[in-house]
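Each remark here refers to the structure printed beneath this line.
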Amino acid sequence: MSCPICHAENEDVLLQTPNLRVIAVHNEAGSPAFCRVIWQQHVAEMTDLPQAQRDEIMDMVYRVESAMRQVLQPAKINLASLGNVVPHLHWHVIARFENDANFPAPIWAAAVRSHEMMLPQDWPQQVKALLA
């Protein structure tokens with residue numbers, strides 16, 4: 001099976017280093033502002049990495065959270081590392097708003113209201129600038 005994260009195409013890359021990349025996700029239903037922090041090497045779990053690399057990915061997760069909070073001023077940020085469907089280490093950094101389609105439930109839950117968010121269209125570029 002080919003890993004869709006290892007062989008990703010057409011990603012909106014906000015930052016890339018030798019070990020990880022940060023992407024803006026534009027096609028996640030129910031989420032108006034969503035980033036992923038992806039470990040470049042194909043590993044499944046945080047404990048597959050040595051401590052220094054675990055620190056590196058978590059530092060980036062925190063940097064992305066901080067940048068998204070500054071740009072978007074959400075009610076909450078959700079952090080998730082699931083990998084049940086694609087077992088390639090990545091973290092979801094999800095800005096949540098009281099009027100998003102699913103709040104306060106997870107973004108993957110059934111929508112409870114229409115999805116009519118008004119966010120800056122250039123929010124990924126603003127986050128990218130803060131990560132640089």
Worksheet item: In the chain, what percent of the accessible surface is made up of carbon and sulfur (1.4 Å probe, ligands and nucleic acids excluded)?
Response: 50
Fill in: C-alpha long axis of helix 51-72 to longest principal axis of the chain, angle in °
20
Fill in: Gain upon complete extension [Met46, Gln16; 0.36 nm per residue less C-alpha separation]
8.9 nm
Discussion item. For Val112, what accessible surface area do you get with a 1.4 Å probe? Give it in Å², rounded to 10.
Written reply: 100
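Restricting attention to segment 49-132, which GluC sites (Glu not before Pro) occupy a DSSP loop and are surrounded by at most 12 other Cβ atoms within 10 Å?
Filter output for segment 49-132: Glu98, Glu116.
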Fill in: R0 of 22 Å, Cβ-Cβ distance Met58-Glu28: FRET efficiency to nearest 0.05
0.50
Discussion item. Which trypsin sites (Lys or Arg not before Pro) in segment 29-63 sit in a loop by DSSP (not H, G, I, E or B) and have at most 16 other Cβ atoms within 10 Å of their own Cβ?
Written reply: none
Response to the item:
Karplus ³J(HN,Hα) for segment 82-94 (6.51 cos²θ - 1.76 cosθ + 1.60, θ = phi - 60°; Hz, whole; x = Gly/Pro) runs 9, x, 5, 7, 10, x, 10, 4, 7, 10, 8, 10, 10
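To the nearest 20 debye, what is the magnitude of the charge dipole of the chain about its Cα centre, counting +1 on the Cβ of each Lys and Arg and -1 on the Cβ of each Asp and Glu?
Computed charge dipole of the chain: roughly 200 debye.
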Discussion item. From Cα pairs below 8 angstrom and at least 6 apart in sequence, can you work out the relative contact order of the chain, rounded to a whole percent?
Written reply: 27
Fill in: Descending Cα extents along the principal axes, segment 12-131, whole Å
42, 31, 20
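The values are calculated or read from the model by the stated rules, or taken from the named source; none is laboratory data. Values in this document were obtained by computation on a predicted structure and should not be read as measured data. Here Cβ is always computed from backbone atoms with ideal geometry, including for glycine, and neighbour counts include all displayed protein chains. Note: areas computed on protein heavy atoms with side chains; ligands, DNA, RNA excluded. Shrake-Rupley method; radii C 1.70, N 1.55, O 1.52, S 1.80 Å.
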